[in-house]
Amino acid sequence: MASPEQTSTNPSVFRLCSSCKKPIAFEASYYRCSVSTCNRARVAYYFCSVGCWDAHVPEQRHRDAWAEPVKAPTRAAYEAEAAREAPSGSAEPPQRRVVESRVVESRVVESKVASPEPPQRRIVDRRVDDPADKEILVVVSKMKAYIKAKSGFNTSDEVMEGLSDRLRRIADRAIENAGGDGRKTVMKRDLP
Ligand SMILES: [Zn+2]
Ligand SMILES: [Zn+2]
């Protein structure tokens, strides 16, 4: 058993017990193993009780080991220590950065969803390989929400491609109809 997650997102928790994963609070008593390899910075073990320390002994095959009672530092002392050890500037908990990047991502998604306006003008002067022939023309989130509300079903992304292709065909017919009528404005009555 290595020590996958000894730190916790809970700010009042100093470490998680390496055996039972229970939180060890700041200023609480806990136990460390007397063996030096169990105390290396990256793989240090922390135990909430002697019993939890006992549990790791057969795993580590210690011959001569004991549990050392220790007291967890105060939160302030711990943070000061972390700030001293970390290169300057990175003392900030990374959590905040994660939140920020999520916000950025969701903004990108929003704008993707919002942008496919019906590209009327592009259809008029489009060429064979025009990207307008591949663009998604429906508001994906709204279409998915509609299908969900109607049926509770999920919607595969391919549906949006198929719907967009059909909308293009309908638009092409409407363009023909408007043009055949001598108009340069496509109207509702031009829709096939
Ligand atoms: Zn424990
Ligand atoms: Zn040990």
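The values are calculated or read from the model by the stated rules, or taken from the named source; none is laboratory data. These numbers were taken from a predicted model, which means no experiment stands behind them. We place every Cβ from the backbone using ideal geometry, glycine too, and count neighbours over all the protein chains shown. Areas reflect the complete protein model, heavy atoms only, side chains present, ligands, DNA and RNA absent. Shrake-Rupley method; radii C 1.70, N 1.55, O 1.52, S 1.80 Å.
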Exercise for the section: Could you please let me know if residue 30 is hydroxyl-bearing (Ser, Thr, Tyr), buried (at least 20 other Cβ atoms within 10 Å of the Cβ) and assigned to a loop (DSSP other than H, G, I, E, B)? Expected result: no
Handout entry: Residues satisfying the stated conditions in region 129-162, i.e. in a loop (DSSP other than H, G, I, E, B), over 25 Å from the mean Cα position of the chain (by Cα) and loosely packed, with under 12 Cβ neighbours inside 10 Å
Key = 129, 134
Practice task
Search region 44-65 for residues that are under 23 Å from residue 29 (Cα atoms) and pair each with any residue that is near ligand 2 (Cβ under 10 Å from one of its atoms) and polar (S, T, N, Q) when their beta-carbon atoms are under 6 Å apart and the residues are at least 6 apart or on different chains.
Solution key: 45/18; 46/18; 65/34
Fill in the blank from the handout: Output for Cβ contacts, cut-off 9 Å, separation at least six or different chains, first residue of a type in the set (Ser, Thr, Tyr) in region 156-177, second surrounded by 13 or more Cβ atoms within 10 Å (Cβ to Cβ), reads 164/116; 164/135; 164/136; 164/137; 164/138
Practice task
Check whether at least one residue in region 25-45 is of a type in the set (Val, Ile, Thr) and either touching a strand residue (DSSP E or B) at 6+ places or on another chain (Cβ under 8 Å) or away from ligand 2 (no atom under 11 Å from the Cβ) (or both), and report yes or no.
Solution key: no
Exercise for the section: Output yes when any residue across region 37-50 is more than 16 Å from ligand 1 (Cβ to nearest atom) and open to solvent by less than 50 Å² (accessible area, probe 1.4 Å), and no when none is. Expected result: no
Completion exercise
Checked against (1) open to solvent by 40 Å² or more (accessible area, probe 1.4 Å); (2) closer than 23 Å to residue 75 by Cβ; (3) modelled with pLDDT under 95, residue 55 satisfies every condition except (2)
